[in-house]
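Below is one structure, written out as structure tokens, with a few remarks after it.
The values are calculated or read from the model by the stated rules, or taken from the named source; none is laboratory data. Just so it is clear, the model here is predicted, and its values are computed rather than measured. All Cβ positions, even for glycine, are placed from backbone atoms using ideal geometry, and neighbour counts span all protein chains on display.
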Amino acid sequence: MGFIYSGVHEAKSGMHKKHLHYKVVELSTVTDEALERVINDTVKEGWNLDGINFAMRDSSKRPTMAFVLFTKEETER
């Protein structure tokens, strides 16, 4: 697995404060097995898949890196 970055966004909704957490997993080896493993493992931890961005090289049809984006919302009372 690659590097993991995370961040937090806060928003107030009525009397509750919502925290939207972001998680980005960087894959330097882009295969279907690697993507499936990262997605399945992270979703089991309660994260929601938000998207996948691929980094491409002009000389290749295969992506050289993938950034898998996840979000998780938590409400603070």
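Look at region 26-47: where a residue is closer than 12 Å to V68 by Cα and a partner is in a helix (DSSP H, G or I) and at pLDDT 95 or above, sitting 6+ places away or on another chain with Cβ atoms under 8 Å, you get L27/A34; L27/L35; L27/V38.
Suppose we keep only residues that are hydrophobic (A, V, I, L, M, F, W, C) and over 27 Å from R57 (Cα atoms) within region 17-46. Which one would you say is farthest from the chain's Cα centre (by Cα)? Filtering region 17-46 for residues that are hydrophobic (A, V, I, L, M, F, W, C) and over 27 Å from R57 (Cα atoms), the one farthest from the chain's Cα centre (by Cα) comes out as L20. Elements of the type strands (runs of 3 or more DSSP E) sitting completely within the chain and holding at least 3 residues that are modelled with pLDDT of 95 or more and touching a strand residue (DSSP E or B) at 6+ places or on another chain (Cβ under 9 Å): these cover 16-27, 48-55, 65-76.
Here is a yes/no grid of residues against (1) in contact with a Lys or Arg (Cβ under 6 Å, 6 or more places away or on another chain); (2) under 18 Å from K18 (Cα atoms); (3) surrounded by 10 or more Cβ atoms within 10 Å (Cβ to Cβ); (4) among the hydrophobic types (A, V, I, L, M, F, W, C):
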{"residue": "V38", "(1), (2), (3), (4)": "no, no, yes, yes"}
{"residue": "T42", "(1), (2), (3), (4)": "no, no, yes, no"}
{"residue": "L49", "(1), (2), (3), (4)": "no, no, yes, yes"}
{"residue": "I52", "(1), (2), (3), (4)": "no, no, yes, yes"}
{"residue": "S59", "(1), (2), (3), (4)": "no, no, no, no"}
{"residue": "T64", "(1), (2), (3), (4)": "yes, no, yes, no"}
{"residue": "L69", "(1), (2), (3), (4)": "no, no, yes, yes"}
{"residue": "K72", "(1), (2), (3), (4)": "no, yes, yes, no"}
{"residue": "E76", "(1), (2), (3), (4)": "yes, yes, no, no"}
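Just to verify a result, which residue in region 47-71, among those that are of a type in the set (G, A, S) and closer than 17 Å to V25 by Cα, is farthest from the chain's Cα centre (by Cα)? Step by step, filter region 47-71, then rank; the result is A55.
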